[in-house]
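The values are calculated or read from the model by the stated rules, or taken from the named source; none is laboratory data. These numbers come from a predicted model, not from an experiment. Counting neighbours? That spans all protein chains shown, and the Cβs are built from the backbone with ideal geometry, glycine included. When the accessible area is computed, the model is the full protein with side chains, heavy atoms only, and any ligands, DNA or RNA have been set aside. Shrake-Rupley method; radii C 1.70, N 1.55, O 1.52, S 1.80 Å.
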Amino acid sequence: MEAKFSSIIEELENIFKNCIIGFKEIGGGLLTEVKAECLPEVASYVFNNLRMYYSTSSGSDERSIDGKFAVYHVFSADGIGFFVLKASVPATKPCIPSITSKVPGANWAEREAMDMFGITFINHPEPKRLVLPDDWPKNLHPLRKDFEYSYRPSSSSEPTISTSIDIYVGGTEYASTLPLGPYHPALHEPEYFELLIKGEEVIDVKYRGFHVHRGIEKIGESKLTYNQVPFIAERICGICGFAHSSSYCIAIERALKIDVPERAQYIRSLILEIERIHSHLLWVGVACHLLGFETGFMQSWRIREHVMELAELLTGSRKTYGINIPGGVRRDILEPYIDRAKKVIKLVEDEFKVLRDKLLVPEVKVRLKEIGYLPKEDARKLAVLGPTMRGSGIARDVRKDQPYCAYRDLDFRIAVYDEGDNLSRTLVRIDEILESINIVKQILDNLPSGPIRTEFEPKPYRIGVGAAEAPRGEVFHLLITGERNRLYRWRVRAPTYNNIPALKIMLRGVPLADAPITIASIDPCFSCTDRCILIKDLDHNYVKRTSLLSFRKFIKGD
Amino acid sequence: MLSILYVILTILGSIIGFTVAPLVDGIERKIRAKIQNRIGPPLIQTWLDIAKLLRKESLIPRTAKALFIIAPAIALAMNIAALPLLYYGAPNVLGFYGDIILILYLVVGSSLILSLGAAASGNPYATIGFSRKISLLIACELVVALSIATAILKTGSLSLTEVILRTGIAPSMIIAGIALLIVTYIESLRLPFELTEAKPEIMGGIFVEYSGRLLAFAELSHILHRFVMTLLSLDILIAPLLKLVFGVSIMGVLMSFIILMLISILVLIVYGAIESLCGRTRIDRALIFTARLMILPIISLILASIGV
Amino acid sequence: MARINPPFKKSPWIFHLNTGGCNACDIEILDALTPYHDVERFGMKLVGTPRHADVILLTGPITRESKIKVIRTLLAVPRPFAVLAIGSCAVGGGIWFDSYATIGGLPNLYEEMRHKYNFEPPPTIYIPGCPPRPEAIIFGAAQALGILKKKVKREVYKED
Ligand code: SF4
């Protein structure tokens, strides 16, 4: 690994002689430790001059190892591996310079570290709370090692959200805010968007998410052993859960240098692609629903049902497959199933092609075209991922750039469209469905034989990074192994995490009618179709009437 | 003797209209389900829904004004009042000189008051639904008014029955009828014009704050409104023809009654089928479409004024 | 529990309330609406606002952040209504039952609402599974509507 990075190492050593503390090889990439005060410069050089794509950042409480708090910034050196910048600061004064001004995409990740570890980021443009609820006590940071995972601080006051309509009348300007949520399906969470609208045009958008913060990382670090974590990882998201458990396994396999049998690799790829097909079909259906094409919604879900059957056939369950485990997979695919799987996938392909031709008619295109524009440069700055990125003309795909599982041997194409609007994101997904069907066919044809699992010996304090291309983009896991068969630090980053900030750009100036489809166009893990609810009654603010007679009283001014 | 039959038919027609309109809604849902490869709800589902809603409690937001509560009932009453004024294949003895104007008032008024009531709930979604509805309503009702004006101009009468009896086959009336039929589709808030409810966008729009009994009234008046509008357009488009073919004898009247009822149900079903193949449009596009539609009644008006 | 025979037996309108679940339950609910399972057969209709709802489909372990919003939603539903708690999460918190960020399932929420808001919990059917199959969800819904009977007996384990 270090050999591949040699030119980068050399370059950095020349320029930042006084900043760099050392280089270290980690599972899946290279770790570069720098002095805390140099972090922004180095990060900016890596991002702007070396043109690496920003992935995510993570805090870590390493007081029990060396008495310090650490921050990791991860970049992807495409084709080589992940490039991780680490800086640590003494626990007595956890202050670290922020890189957000240089790498805008790091905004959320730094704020999260702020919440979860109590690390202060100097010069952060928006040092506000991100993940934790508003009523959470100020000096309590859940991911610190001295925090008990099951401790629930009592809430002193009931948190409030402003859901009522505000009307600002200034001159002739007439703008009002319209809440979208909290039961808006995005990420794996009910979310809350507040749209500032003027007439029927969206002017600005505010966002409050993380309704689904369930403390997964903490549970994974404190309760579960290596072999249990894949199951909780799968429940991070019910739609792309397998990408999560795979990338967790990949990270740990890379960290501990486990050789995974080829057959297991192929089985993982197979299930990952099946997951992509069902997820994209789901998205097509939901998009149709949002545009009012109920029939399109029903038909694409009808096709999807075959895919669910296929998943059940191959893994034993329709969702949350539970077959991933560090070192391989738990369930083999039997020979007779392969033939049946081939038949199903053929059926899906034929039916989907018919559906595609029916869907891509001018009336649909006109609703998608030139709406929700995301320019290429902004996409790179905010480090958006997946179809959102490829819809803006950036040809990246973890399957090609950081090959994992069996993707090195498979033949496929990345779908890229340059327009950056809702239509191009839609087209990317439609192309990807067909491409995935293609991959599934290839895998079913050449599934290698052999064992499906290897045992391994855990070793403490190894770092590993794993990424997998989920339907929505790159799922990223960073982990540090610990003692007693448990993780020391586990950082999970779902693709929607990077994609949501881009909505601010995409939603501006969009007609209200197109706001839902624009939000959906990043595919924020759609769960509910009926998505927005407005609960205006703060504290029982309504009257109950059960009979018509009492209406009269009401009218009289009761 | 004959006039008793006329009265009976009109009343029968009104009652059938009242009971059948929700049933037709059920048929539509069934057809939609079939197009989507589903089994779909039972035919009487809409009645079941309404029966259920009548038995649930109604929540009234504190921000709501009195209009919020009375609007659904008024709208329902207006639609029911419009029923016996329509032409059911037999000369409407209950009609009077000027009833065509009253029908116009009732039709426009009922949907207006329903959206006003919704706006009175103070809910932002309802407000947006209201503003969309009003813009659509203005465009649509212009078409309706112009078409009716054609009929009045053509026959010189303000009574619906007389208009029908006097017309015969006239191109201007046919064009006006077609315009009415199209506008009925738009105004009945079906996809792609289902903008005021638009669940994914504004979650039920004008109906968002209604619950229980109030919702039942609102739904029922919405469904009746569809029926009234459809029958009204068919009255202008087909009734004169039926009268020409069958005359006003006992048999003729009965035949035209049956045919008219069947056709109006058929039209509603066809509308339902069209709906399931469409997606939602945007309010600006919908308005442009409706504005283009305005050409039809204008042509018919011109034709009528030169006596064709 | 009294026999459930609600007025909405023939026309249950459902409102879907995700309180922080992982989505798998939610898409299984949607799945139940689509051609293969088609719950519209029973007159079920997905509605967009709790005001129109007769049955609340609740998924997820109820996170701290969403708790207050869930409470408000439940208070905004006109009675009578029923609740289906779908998935292990909603039933008892699932794998997050003791995490700092959740309150651990619907029973805990009821407990709290009973004290704070004097809220009498509506008839509730618990559907375990992670995620439960659409068939299981339909079965649970049928129970809530009084169409089908429970097939298991209720037994409470007590420590001697
Ligand atoms: S019960 Fe399981 S599948 Fe359902 S939301 Fe919870 S974790 Fe996800």
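Overview of values
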{"quantity": "Residues of region A:1-45 satisfying the condition of being more than 20 Å from A:V89 (Cβ to Cβ), assigned to a helix (DSSP H, G or I) and touching a residue at least 24 places away in the same chain (Cβ under 8 Å)", "calculated": "A:I8, A:E11, A:L12, A:I15, A:Y45"}
{"quantity": "Residue within region C:109-117 that is touching a Cys at 6+ places or on another chain (Cβ under 9 Å), in contact (Cβ under 8 Å) with a residue 40 or more places away in the chain and either over 30 Å from A:Y149 (Cα atoms) or within 16 Å of the ligand (Cβ to nearest atom) (or both) present", "calculated": "no"}
{"quantity": "Considering residues of region B:218-262 that are more than 19 Å from B:R190 (Cα to Cα) and of a type in the set (V, I, T) only, the residue modelled with the lowest pLDDT", "calculated": "B:V248"}
{"quantity": "Filter pass, B:V270 being within 30 Å of B:Q45 (Cα to Cα), part of a helix (DSSP H, G or I) and β-branched (V, I, T)", "calculated": "yes"}
{"quantity": "Restricting region C:139-153 to residues that are under 27 Å from A:S317 (Cα atoms), among the hydrophobic types (A, V, I, L, M, F, W, C) and crowded, with 20+ Cβ neighbours inside 10 Å, the residue that is modelled with the lowest pLDDT", "calculated": "C:A144"}
{"quantity": "Test result for C:S88, facing chain A (nearest Cβ under 7 Å), among the hydroxyl-bearing types (S, T, Y) and within 14 Å of the ligand (Cβ to nearest atom)", "calculated": "no"}
{"quantity": "Which listed residue, of A:S57, A:S44, is in contact with a His (Cβ under 9 Å, 6 or more places away or on another chain) and modelled with pLDDT of 85 or more", "calculated": "A:S57"}
{"quantity": "Single residue of A:G316, A:G285, A:G328 found to be within 30 Å of A:D445 (Cα to Cα), of a type in the set (G, A, S) and within 16 Å of the ligand (Cβ to nearest atom)", "calculated": "A:G316"}
{"quantity": "Residue that is out of contact with any strand residue (DSSP E or B) (no Cβ under 6 Å at 6 or more places or on another chain) and modelled with pLDDT under 85, where the choices are A:E349, A:E312, A:E370", "calculated": "A:E370"}
{"quantity": "Any hit, region A:247-256, residues being facing chain C (nearest Cβ under 9 Å) and either within 12 Å of the ligand (Cβ to nearest atom) or under 14 Å from A:P458 (Cβ atoms) (or both)", "calculated": "no"}
{"quantity": "Out of B:I152, B:I169, sole residue that is at pLDDT 80 or above and within 25 Å of B:V248 (Cα to Cα)", "calculated": "B:I152"}
{"quantity": "Scope region A:435-463; condition within 26 Å of the chain's Cα centre (by Cα) and more than 18 Å from A:L334 (Cβ to Cβ); matching residues", "calculated": "A:E435, A:S436, A:I437, A:N438, A:I439, A:Y461, A:R462, A:I463"}
{"quantity": "Given (1) more than 7 Å from every other protein chain (Cβ to nearest Cβ); (2) open to solvent by less than 10 Å² (accessible area, probe 1.4 Å), index of the condition C:P61 fails", "calculated": "(1)"}
{"quantity": "Count - residues of region B:1-40 that are part of a loop (DSSP other than H, G, I, E, B) and within 14 Å of chain A (Cβ to nearest Cβ)", "calculated": "5"}
{"quantity": "Odd one out for C:D31 among (1) in contact with a Phe, Trp or Tyr (Cβ under 9 Å, 6 or more places away or on another chain); (2) more than 10 Å from chain A (Cβ to nearest Cβ); (3) within 21 Å of A:I239 (Cβ to Cβ)", "calculated": "(2)"}
{"quantity": "Residue, surrounded by the fewest Cβ atoms within 10 Å (Cβ to Cβ), within region A:444-492, restricted to residues that are in a loop (DSSP other than H, G, I, E, B) and acidic (D, E)", "calculated": "A:E457"}
{"quantity": "Extreme residue, farthest from the ligand (Cβ to nearest atom), among residues of region C:66-80 that are hydrophobic (A, V, I, L, M, F, W, C) and open to solvent by less than 10 Å² (accessible area, probe 1.4 Å)", "calculated": "C:A76"}
{"quantity": "Sole residue being within 16 Å of the ligand (Cβ to nearest atom), part of a loop (DSSP other than H, G, I, E, B) and in contact with a Phe, Trp or Tyr (Cβ under 6 Å, 6 or more places away or on another chain), chosen from C:P61, C:P122, C:P131", "calculated": "C:P61"}
{"quantity": "Unmet criterion (only one of (1) touching an Asp or Glu at 6+ places or on another chain (Cβ under 8 Å); (2) more than 10 Å from the ligand (Cβ to nearest atom)) for C:N18", "calculated": "(2)"}
{"quantity": "Residues that are in a helix (DSSP H, G or I) and either without any contact (Cβ under 8 Å) to a residue 24 or more places away in the chain or surrounded by fewer than 23 Cβ atoms within 10 Å (Cβ to Cβ) (or both), drawn from region A:315-344", "calculated": "A:E335, A:P336, A:Y337, A:I338, A:D339, A:R340, A:A341, A:K342, A:K343, A:V344"}
{"quantity": "Residue that is nearest to C:G20 (Cα to Cα), among those in region C:93-103 that are more than 10 Å from the ligand (Cβ to nearest atom) and more than 7 Å from every other protein chain (Cβ to nearest Cβ)", "calculated": "C:I103"}
{"quantity": "Lone qualifier among B:I182, B:I186, B:I128 - being modelled with pLDDT under 80 and among the aliphatic types (A, V, I, L, M)", "calculated": "B:I128"}
{"quantity": "2 or more residues closer than 23 Å to B:I186 by Cβ and either within 14 Å of chain A (Cβ to nearest Cβ) or touching a residue at least 60 places away in the same chain (Cβ under 8 Å) (or both): qualifying helices (runs of 4 or more DSSP H) within region B:64-176", "calculated": "B:66-82, B:99-119, B:124-155"}
{"quantity": "Filter pass, A:D418 being surrounded by fewer than 20 Cβ atoms within 10 Å (Cβ to Cβ), over 19 Å from the mean Cα position of the chain (by Cα), assigned to a loop (DSSP other than H, G, I, E, B) and touching a residue at least 40 places away in the same chain (Cβ under 8 Å)", "calculated": "yes"}
{"quantity": "Boolean, C:T73 is within 7 Å of chain A (Cβ to nearest Cβ) and over 30 Å from A:P137 (Cβ atoms)", "calculated": "no"}
{"quantity": "Residue count, region A:364-410 (criterion: free of Cβ contacts under 8 Å to residues at least 12 places away in the same chain and either of a type outside the set (A, V, I, L, M, F, W, C) or in a loop (DSSP other than H, G, I, E, B) (or both))", "calculated": "4"}
{"quantity": "From B:L9, B:L2, B:L76, residue being in contact with a helix residue (DSSP H, G or I) (Cβ under 9 Å, 6 or more places away or on another chain) and at pLDDT 85 or above", "calculated": "B:L76"}
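Per-residue answers, yes or no, for (1) outside any helix (DSSP H, G or I); (2) modelled with pLDDT of 80 or more; (3) within 8 Å of another protein chain (Cβ to nearest Cβ):
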residue	(1), (2), (3)
C:I27	no, yes, yes
C:Y36	yes, yes, yes
C:R41	no, yes, yes
C:L57	yes, yes, no
C:I68	no, no, yes
C:E112	no, yes, no
